[in-house]
1. If VAL154 satisfies all but one of (1) more than 20 Å from LEU226 (Cβ to Cβ); (2) in contact (Cβ under 8 Å) with a residue 12 or more places away in the chain, what's the number of the condition it fails?
2. Taking helices (runs of 4 or more DSSP H) that fall entirely within the range 7-97, which contain at least 1 residues that are at pLDDT 80 or above and in contact with a Cys (Cβ under 7 Å, 6 or more places away or on another chain)?
3. May I ask you to list pairs of residues, at least six apart or on different chains, whose Cβ atoms are under 8 Å apart, with the first in the range 105-123 being touching a residue at least 60 places away in the same chain (Cβ under 8 Å) and more than 17 Å from SER213 (Cα to Cα) and the second being in a strand (DSSP E or B) and among the aromatic types (Phe, Trp, Tyr)?
4. For the range 76-99, name all the residues that are among the hydrophobic types (A, V, I, L, M, F, W, C) and crowded, with 17+ Cβ neighbours inside 10 Å.
5. What are the pairs, 6+ residues apart or on separate chains, where a residue within the range 226-251 that is under 21 Å from SER162 (Cβ atoms) and modelled with pLDDT under 60 has its Cβ under 6 Å from a residue that is not in a loop (DSSP other than H, G, I, E, B) and not charged (D, E, K, R)?
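The values are calculated or read from the model by the stated rules, or taken from the named source; none is laboratory data. This one's a predicted model, so the numbers in the text were calculated from it and none came from an experiment. So basically every Cβ, Gly included, is an ideal-geometry build from the backbone, and we count neighbours across all protein chains shown.
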Amino acid sequence: MMRAVSSKTARTLRIMADRKLDLLICRPTGWHLECPRIGPFMLQLGWYMGRHEPTVAIRDLNISTSRILMIHNRAVERAREIGATHILFLDPDIDAHPQWWEWAWKFSQLHPGSIVAAPYRGAGPTYPVQVFVESGEAMPKRLDNAYAATLHGVWEVESIGSGLMLVDMAVFDRLDQQKGEHGEVLAYFDDTYRSPEKTDTGHTQDGWFCTRSRQAGIRIYCNFDLWAKHQQFEIIGPPEQSPRQEGLLGESCATADAGCLFDTDQSVVCLGTDTGVGPGIGPD
């Protein structure tokens, strides 16, 4: 399945000129596996925004608890209190690509009301890719390592881990329109289970957020040129690179200048069950 996203240069430039950034960075603290490079990444982010963008404020919300879904929901609450325009979810064990923030911010402005995140892998021995695509069933399907290694550029996906994720606050406004089966308020981030005994996981907290977002028509973008590394008991990088499958623009989007994003209408390849761009998405 291919899905085109149209973006007009003049309209996009006007949006970027009108919107000011008030960014809340949600960063859990107190983890034993905190990435030693998280400090330089924060300094780099602040330097770039102060130098290149009409930034109003960058605020850092540190919460010391292992309950990640509570941290994320509390961050949304806090962002609304201070009038933030965006939230950056940044896990302390994520080592961001040096160019990810500049790309993510520019791309977010081109596609307001969207979710922009970095791909990364989980711990061994299988090192699962934390990116999921349409499966044709109730639950999305995880990309396998071999196929993920062929992907380059920007792709639209169904679900992705929240380790490094930039979210426009307009996303949460749209999610507020959804209610539960009995009209109850739904959490933005939540764990779900397949059994009443809660012995079989359904959605993880970020999978629940992404599923709800996709149901609300919100698009989720991932740049496979800018993998994040995951600091576990070893540093987990991207899978070994294979022959290329191109995403947005049909070329690498890893360049810091992202000026190509302003040229013409663009097409974003949406990973699904009928992409026509590879032998398959993952194991059955």
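1. (1)
2. 68-82
3. PHE107/TYR221
4. Scanning the range 76-99 gives VAL76, ALA79, ALA84, ILE87, LEU88, PHE89, LEU90, ILE94, ALA96.
5. That search, which allows pairs on different chains as well, returns GLY247/VAL154; GLY247/TRP155; GLY247/VAL269.
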